[in-house]
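Visitor: So that we are looking at the same thing, I have put the structure below in structure tokens.
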Amino acid sequence: MNDLTPTKEQREARLEGMGCKRKRVEDIRFTQGKGNYVDDIKLPGMLFGDFVRSTYAHARIKRIDTSKAKALPGVRAVLTADDLKPLNLHYMPTLAGDVAAVLADEKVLFQNQEVAFVVADDRYIAADAIELVEVEYEELEPLTNPFKAMDADAPLLREDIKGKMEGAHGPRKHYNHIFNWQVGDREAADDIFASAPVKTKDTYWYHRTHPSPLETCQSLASYDKVTGHLTIYGTFQAPHVVRTVVSMLSGIPESKVHVIAPDIGGGFGNKVGVYPGYVCSIVASIVLGKPVKWVEDRMENLSTTSFARDYHMTTELASTQDGKILGMRCYVLADHGAFDACADPTKWPAGFMNICTGSYGIPVAHLEVDGVYTNKASGGVAYRCSFRVTEAVYAIERAVEVLAQKLGMDSADLRLKNFIRREQFPYKSALGWEYDSGDYHLAMNKAMEAVGYRQLRAEQAEKRAAFQRGETREVMGIGVSFFTEIVGAGPSKNCDILGVGMFDSCEIRIHPTGSAIARMGTKSQGQGHETTYAQIVATELGIPADQIQVEEGNTDTAPYGLGTYGSRSTPVAGAAIAMASRKIRAKMQMIAAHLLEVHHNDLDWDIDGYQVKGLPEKRIGVKEIAWAAYHQPIPNLEPGLEAVNYYDPPNMTYPFGAYFCVMDIDVDTGAAKVRRFYALDDCGTRINPMIIEGQVHGGLTEAFAVAMGQEIRYDAAGNVMGASFMDFFVPTAVETPHWETDFTVTPSPHHPIGAKGVGESPHVGGVPCFSNAVNDALSFCGSVHIDMPHDAWRIWEAAEKLGLHKAA
Amino acid sequence: MIPGAFTYHRPKSIDEAAALLTSLGEEARPLAGGHSLIPMMKLRMATPEHLVDLAGIPELKGVCQNGGDIIIGAMTTQAELIASELLAAQVPILRETSLVIADPQIRYCGTLGGNVANGDPGNDMPAVMMTLDARYTIVGEKGRRVIPSREFYQGAYYTALEPGEFLVSVTIPALPDGHGFAYEKMKRKVGDYATAAAAVVLTKKDGVIATCALALTNVGDTALFAEEAAQILIGSRLDAASLARAAAAAEAIAAPATDGRGTAAYRTSIAGVMVARAVRRAFERA
């Protein structure tokens, strides 16, 4: 050692490992327009597909005449359900155990449903050709109100499963019924409610919306008739699952199916499922022996592929007079649209809705969910949340506010009184989950202090008095939410997708010169995996992050994984990285022992190499160890330095957080202005604080959108309203409030590096926080609950009903 | 979202454009900034066979003063309206209005002519032109003619333009010194059409409103000239009662549709709120 020998701190900093605010390496290409998305890929002889879509929400198809379209020069094929029937591909299986039409078979069940697929030399010809396909419909009575779905005289929607009274999740009660799912102890809950001194009961509608990634869904299929190989480029959050499904449906051996997810421009759950466009591009390519590309436009994206939410949640709480919550009952009517295409683990028809007891020690609870069909697009995806967790958190966080209002108690105090206490973890909830870790009181108290909660309440009291004196037309709302997420699906004992366990994987190879490649079963859609995964490897293996290549999305090279959604990448694949790294480190220790001529137990790991215990100057770095692994025989060891890990998590992880929103509402216009928003997140170990902050900003912006106006609406005839960015609310920088972020750290005890996942927390916690702010603003006028979305006209309407415009 | 086939023309003069539009007849549409027409074509709600792009005609651009009148070429963009010092000094309501149209990117393309001549009730400039009593100069097969803005709008996308005619320029008569003005627009987000909006230009004498012109955006088939509301205000010192009566008179002529911006009742009420706020602000400025 001499003066030039780097210090421990310098060596650590050089790694840019966990905890470092490392800049996102993928942004170099994204910010220069050099990303490589599906629509950037051009193959020789490529054709383009486009859909003829249904005009009606519910109609019988009397006739499809494709002759004029086929006669248009440049049109190569027009596929209808009749063409797919011989292949048994007119329906495809959904992740929820139902089937969904690929091309409408005899009936259409929602507006814009796929009726025929036109394939042409370019997308302009295809667009002209779809206008030439003649479809004759006989209109049928549409069903848009889920509360009428199970009426005795409701129109029958799914003729294809008419007689099938046993669904994927048990018996069906009615021809429009999908499943009934119950968790918890109903009798015990009923007993509590029979005797509880205070009870609340309200129905909260979490409206239908859409994940709306900037890049729509798209695919490019290329079948080689000579070799029998099928290559599919697509917007897939879970490429391996797509490969398995394609192989199962097509009969092509999985080894000859190559699925590649290149750069993805946002997913948010929209790109988990399989859509008719993918299937049709594959079928057309197999039939024509040419590459066939399909690209959704914005209206198709918003109106057909994967809505989110649409849960009507009747939520009841029982408590003592002094605010100790005794029990919870929740009944959900779930509007699934025309097919049950929820992207949930197979055994969970309502996802993890049973996290709805939230962050509170509620001893007794019961949850019941009924899913029904309506004439709307199918979906039910987890839009920037783990499966139905946003719905669950919304239900409990609204219910707690309503209870506080009824008790005349401050809602933050009510939460503090009922939180699961630190010493109760691991905590078994009444609805079956084991929360791994948390310190809710610490987080809540820190947040309340940071925002000056008591002072805000005092200011609000003054403003309310001024409003009542007629001195202002503005009311102030304070939104509080405290959420517990359940992410990182999941342990294969209870989570699978079509039978495949929800593990994830990592394969790491250290090259002879000491740089490395990590290949993953997940797939980033913008989360920054290339940056953060490398940081985990850097810390675990002492290799600088900038020398670690992270590769995802190519099923030929990546180990099998279940993909990226439900905040599972860090909890599951992140763990696989650590475990694969540790296998390599164990081998490096043996090599180091040989090179240093000591017993391996006499070595200590030291940032980027091994040193002999008590002799810090006698050390060997990772670079030398890697070189040795390839260049000299080590007794009893294979050459090379690589490892694979398939990680099956023992439990989910449970990130949590405390959010506060201060909002001012103009009662005369209904316009709401967010004055302040503070988000404290606890996601366990923090791998890259800058990426966490970015994720929180993005998630809060989407939460703001959903709570304050973003919706997919239908009229009574089943026409989808406002499926364009003109009407569908995506906030710009102008509308987006300023975000303040903060954190506490409670590492997950069962995760190798203690990380819990964060990408979805801000959405899950944000939506109830905004909604609670709106509701809080008007609560002093007697309002109990106002449904989302809280766009200006609905807030105005609530104020109108409360009589607040009379004095104007 | 792909338009049907069309032929693109780019004339170099007003005469050439007029000759083209006349000869091509109803299958042709003049193209200004394209921010209404092109989306309609992508949705195939408009399927013109010919587009006559007016962007290559220098005479259609620019702002100038002729005596007391301000003359603005139809192809002047909203960004150019915002940047014009002449307009900032003489007709500041145009700058205020342009700044709430769409977003900066669109304002670099979107034109005054397109905004006033398309006949879309969601456009902001028609109401403003009515309050300014602007005149539109139009050219067509029969040469030039001038139509007052208050007589130009006939229904949604229906205007006094005959097939083959297009707007050349907008003439704004001189405004009195020290006039008060305001354009109040309620919208869901940047880039949106108004839920309701109100334009007002007024003058004061000895603390009393001497003249007043008021018009509403996007609460009817066309921009609405709110004559009665303006009459109520003339002679008042803007007391709460006359302001409320004026707002009520504006609401009485509003007939908005229920849409994603809100119910008809809500949008009508917002028209009244916008009128009250615009008048108050204009009164303070006068």
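The values are calculated or read from the model by the stated rules, or taken from the named source; none is laboratory data. This structure is a prediction, so every number in the text was calculated from the model and none was measured. Using ideal geometry, Cβ is built from the backbone for each residue, glycine included, and neighbour counts are taken over all protein chains shown. Just the protein is used for accessible areas: all its heavy atoms, side chains included, with ligands, DNA and RNA removed. Shrake-Rupley method; radii C 1.70, N 1.55, O 1.52, S 1.80 Å.
Visitor: Restricting to strands (runs of 3 or more DSSP E) lying wholly in segment A:314-413: which have 2 or more residues that are out of contact with any Cys (no Cβ under 9 Å at 6 or more places or on another chain) and in contact (Cβ under 8 Å) with a residue 40 or more places away in the chain? Explain how you work it out, then say what you get.
Guide: On the way: elements: A:325-335, A:364-372, A:379-381.
Result: A:325-335, A:364-372.
Visitor: Going through segment A:226-264 one residue at a time, which ones are under 18 Å from A:Val500 (Cα atoms) and of a type in the set (D, E, K, R)?
Guide: A:Arg243, A:Glu254
Visitor: Touching a residue at least 12 places away in the same chain (Cβ under 8 Å), under 28 Å from A:Gly566 (Cβ atoms) and over 21 Å from the mean Cα position of the chain (by Cα) - does that describe any residue in segment A:261-273? I'd like the intermediate steps shown before the answer.
Guide: Of segment A:261-273, the ones touching a residue at least 12 places away in the same chain (Cβ under 8 Å) are A:261-273.
Subset that is under 28 Å from A:Gly566 (Cβ atoms): A:261-273.
Now narrow it down to the ones that are over 21 Å from the mean Cα position of the chain (by Cα): none.
No, segment A:261-273 has no match at all.
Visitor: Within segment A:106-119, identify whether any single residue is within 14 Å of chain B (Cβ to nearest Cβ) and among the hydrophobic types (A, V, I, L, M, F, W, C), and answer yes or no.
Guide: yes
Okay, residues lined up against (1) polar (S, T, N, Q); (2) open to solvent by 70 Å² or more (accessible area, probe 1.4 Å); (3) touching a Cys at 6+ places or on another chain (Cβ under 9 Å):
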| position | (1), (2), (3) |
| --- | --- |
| A:His58 | no, no, no |
| A:Ile64 | no, no, no |
| A:Val78 | no, no, no |
| A:Asp82 | no, yes, no |
| A:Val99 | no, no, no |
| A:Leu103 | no, no, yes |
| A:Glu114 | no, no, yes |
| A:Ala126 | no, no, no |
| A:Asn145 | yes, no, no |
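Visitor: Can you pull out the residues in segment A:783-807 that are under 17 Å from A:Val674 (Cβ atoms) and either touching a residue at least 40 places away in the same chain (Cβ under 8 Å) or within 12 Å of chain B (Cβ to nearest Cβ) (or both)? Spell out how you get there, then give the answer.
Guide: Filtering segment A:783-807 for residues under 17 Å from A:Val674 (Cβ atoms) gives A:786, A:788-792, A:794-795.
A:Met788, A:Pro789, A:His790, A:Asp791, A:Ala792, A:Arg794, A:Ile795, listed by residue number.
Visitor: Identify the residue in segment A:486-511 that is open to solvent by 40 Å² or more (accessible area, probe 1.4 Å) and assigned to a loop (DSSP other than H, G, I, E, B) and, among all such residues, is nearest to A:Ala534 (Cα to Cα).
Guide: Residues of segment A:486-511 open to solvent by 40 Å² or more (accessible area, probe 1.4 Å): A:492-494, A:498-499, A:503, A:509, A:511.
In the following step, the residues that additionally are assigned to a loop (DSSP other than H, G, I, E, B) were identified as A:492-494, A:498-499, A:503, A:511.
Values: A:Ser492: 26, A:Lys493: 29, A:Asn494: 30, A:Leu498: 31, A:Gly499: 31, A:Phe503: 20, A:His511: 15 Å.
Ranking the candidates gives A:His511 first.
Visitor: Also: With respect to the numbered conditions (1) open to solvent by 60 Å² or more (accessible area, probe 1.4 Å); (2) more than 14 Å from chain A (Cβ to nearest Cβ); (3) not in a helix (DSSP H, G or I), which one is the sole condition not fulfilled by B:Arg188?
Guide: It is condition (2) that B:Arg188 fails.
Visitor: Only residues in segment A:478-493 that are free of Cβ contacts under 8 Å to residues at least 12 places away in the same chain count as the first member; pair them with residues that are surrounded by fewer than 24 Cβ atoms within 10 Å (Cβ to Cβ), Cβ under 9 angstrom, at least 6 apart or cross-chain, and list the lot.
Guide: A:Lys493/A:Gly501; A:Lys493/A:Asp648
Visitor: Under the condition of being open to solvent by less than 20 Å² (accessible area, probe 1.4 Å) and out of contact with any Asp or Glu (no Cβ under 6 Å at 6 or more places or on another chain), which residue from segment A:42-56 is farthest from A:Asn375 (Cα to Cα)?
Guide: From segment A:42-56, those open to solvent by less than 20 Å² (accessible area, probe 1.4 Å) are A:47, A:49, A:51-52, A:54; that's our starting set.
After this cut, where a residue has to be out of contact with any Asp or Glu (no Cβ under 6 Å at 6 or more places or on another chain) as well, the list is A:47, A:49, A:52, A:54.
Values: A:Leu47: 32, A:Gly49: 25, A:Val52: 18, A:Ser54: 12 Å.
Result: A:Leu47.
Visitor: Could you tell me how many of the residues in segment A:714-723 are small (Gly, Ala, Ser), more than 7 Å from chain B (Cβ to nearest Cβ) and either within 22 Å of the chain's Cα centre (by Cα) or crowded, with 16+ Cβ neighbours inside 10 Å (or both)? Lay out the reasoning, then the answer.
Guide: Our first condition is that a residue be small (Gly, Ala, Ser); within segment A:714-723, this holds for A:716-718, A:722-723.
With the extra rule that they be more than 7 Å from chain B (Cβ to nearest Cβ), the set shrinks to A:716-718, A:723.
Subsequent filtering for residues that are either within 22 Å of the chain's Cα centre (by Cα) or crowded, with 16+ Cβ neighbours inside 10 Å (or both) retains A:718, A:723.
Matching residues across segment A:714-723 total 2.
Visitor: Which of the residues spanning segment A:728-740 are surrounded by fewer than 19 Cβ atoms within 10 Å (Cβ to Cβ), within 22 Å of A:Trp793 (Cβ to Cβ) and at the interface with another protein chain (Cβ under 9 Å from one of its Cβ atoms)?
Guide: A:Val730, A:Pro731, A:Thr732, A:Val734, A:Glu735, listed by residue number.
Residue-by-condition table, conditions (1) over 28 Å from A:Asp504 (Cα atoms); (2) touching a Lys or Arg at 6+ places or on another chain (Cβ under 9 Å); (3) open to solvent by less than 40 Å² (accessible area, probe 1.4 Å); (4) β-branched (Val, Ile, Thr):
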position	(1), (2), (3), (4)
A:Glu597	yes, no, no, no
A:Val612	yes, yes, yes, yes
A:Lys618	yes, no, no, no
A:Glu638	no, yes, no, no
A:Phe660	yes, yes, yes, no
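Visitor: Tally time: how many residues in segment B:252-278 are of a type in the set (Val, Ile, Thr), more than 10 Å from every other protein chain (Cβ to nearest Cβ) and crowded, with 24+ Cβ neighbours inside 10 Å? Talk me through it step by step, then tell me what you get.
Guide: Filtering segment B:252-278 for residues of a type in the set (Val, Ile, Thr) gives B:253, B:258, B:263, B:268, B:270, B:273, B:275.
Retained after the next criterion (residues that are more than 10 Å from every other protein chain (Cβ to nearest Cβ)): B:253, B:268, B:275.
Those left that are additionally crowded, with 24+ Cβ neighbours inside 10 Å: B:275.
Going through segment B:252-278 one residue at a time, the tally reaches 1.
Visitor: For segment B:195-241, give me each residue that is under 18 Å from B:Tyr266 (Cα atoms) and either free of Cβ contacts under 8 Å to residues at least 24 places away in the same chain or in contact with a Gly (Cβ under 7 Å, 6 or more places away or on another chain) (or both).
Guide: Within segment B:195-241, B:Thr195, B:Asn218, B:Asp221 qualify.
Visitor: With respect to A:Leu326, determine if the residue is more than 26 Å from the chain's Cα centre (by Cα), within 30 Å of A:Val52 (Cβ to Cβ), surrounded by fewer than 24 Cβ atoms within 10 Å (Cβ to Cβ) and of a type in the set (A, V, I, L, M, F, W, C).
Guide: Details: more than 26 Å from the chain's Cα centre (by Cα): yes; within 30 Å of A:Val52 (Cβ to Cβ): no; surrounded by fewer than 24 Cβ atoms within 10 Å (Cβ to Cβ): yes; of a type in the set (A, V, I, L, M, F, W, C): yes.
Spelling it out, it is not the case that A:Leu326 is more than 26 Å from the chain's Cα centre (by Cα), within 30 Å of A:Val52 (Cβ to Cβ), surrounded by fewer than 24 Cβ atoms within 10 Å (Cβ to Cβ) and of a type in the set (A, V, I, L, M, F, W, C).
Visitor: Could I ask something else about it? How many of the residues making up segment A:673-686 are surrounded by 23 or more Cβ atoms within 10 Å (Cβ to Cβ) and in contact with a strand residue (DSSP E or B) (Cβ under 6 Å, 6 or more places away or on another chain)?
Guide: Here the count works out to 6.
Visitor: A further question follows. Got a sec? Which of A:Phe770, A:Phe729, A:Phe704 is assigned by TED's automatic domain parsing to the domain that holds A:Gly452, within 21 Å of A:Gly380 (Cβ to Cβ) and under 21 Å from the mean Cα position of the chain (by Cα)? Don't jump to the end; show me each part of the working.
Guide: Details: A:Phe770 fails: within 21 Å of A:Gly380 (Cβ to Cβ); A:Phe704 fails: within 21 Å of A:Gly380 (Cβ to Cβ).
Answer to the selection: A:Phe729.
Visitor: What single numbered condition from (1) within 14 Å of chain A (Cβ to nearest Cβ); (2) open to solvent by 10 Å² or more (accessible area, probe 1.4 Å) fails to hold for B:Val219?
Guide: Among (1) within 14 Å of chain A (Cβ to nearest Cβ); (2) open to solvent by 10 Å² or more (accessible area, probe 1.4 Å), B:Val219 violates only (2).
Visitor: Let me spell it out: the conditions are (1) among the hydrophobic types (A, V, I, L, M, F, W, C); (2) assigned to a loop (DSSP other than H, G, I, E, B); (3) closer than 30 Å to B:Leu132 by Cα, and B:Ala5 meets all of them except one. Which number is the exception?
Guide: All conditions are met except number (3).
Visitor: While we're on this one: Within the bounds of segment A:698-713, is there any residue that is away from chain B (no Cβ under 14 Å) and open to solvent by 20 Å² or more (accessible area, probe 1.4 Å)?
Guide: Within segment A:698-713, one or more residues are away from chain B (no Cβ under 14 Å) and open to solvent by 20 Å² or more (accessible area, probe 1.4 Å).
Visitor: Working carefully through the options A:Val279, A:Val245, find the one that is modelled with pLDDT under 95 and closer than 24 Å to A:Thr564 by Cα. Give the steps one after another, and end with the answer.
Guide: Details: A:Val279 fails: modelled with pLDDT under 95.
Going through A:Val279, A:Val245 in turn, just one is modelled with pLDDT under 95 and closer than 24 Å to A:Thr564 by Cα: A:Val245.
Visitor: Quickly run through segment A:650-694 and pick out the residues that are part of a loop (DSSP other than H, G, I, E, B), hydrophobic (A, V, I, L, M, F, W, C) and more than 14 Å from chain B (Cβ to nearest Cβ). Walk me through how you get there before you give the answer.
Guide: Here is the first cut: in segment A:650-694, the residues part of a loop (DSSP other than H, G, I, E, B) are A:650-652, A:654-655, A:667-671, A:683, A:685-688.
Filter once more, so that each one left must be hydrophobic (A, V, I, L, M, F, W, C): A:652, A:667, A:671, A:683, A:687.
Selection gives A:Met652, A:Cys683, A:Ile687.
Visitor: Give me the residue from segment B:228-251 that is within 15 Å of B:Thr131 (Cβ to Cβ) and touching a Lys or Arg at 6+ places or on another chain (Cβ under 9 Å) and, out of that set, surrounded by the most Cβ atoms within 10 Å (Cβ to Cβ).
Guide: The qualifying residue surrounded by the most Cβ atoms within 10 Å (Cβ to Cβ) is B:Ala229.
Visitor: Among the candidates B:Ile101, B:Ile57, B:Ile71, single out the residue that is farther than 30 Å from A:Ser724 by Cβ and open to solvent by less than 20 Å² (accessible area, probe 1.4 Å).
Guide: B:Ile57
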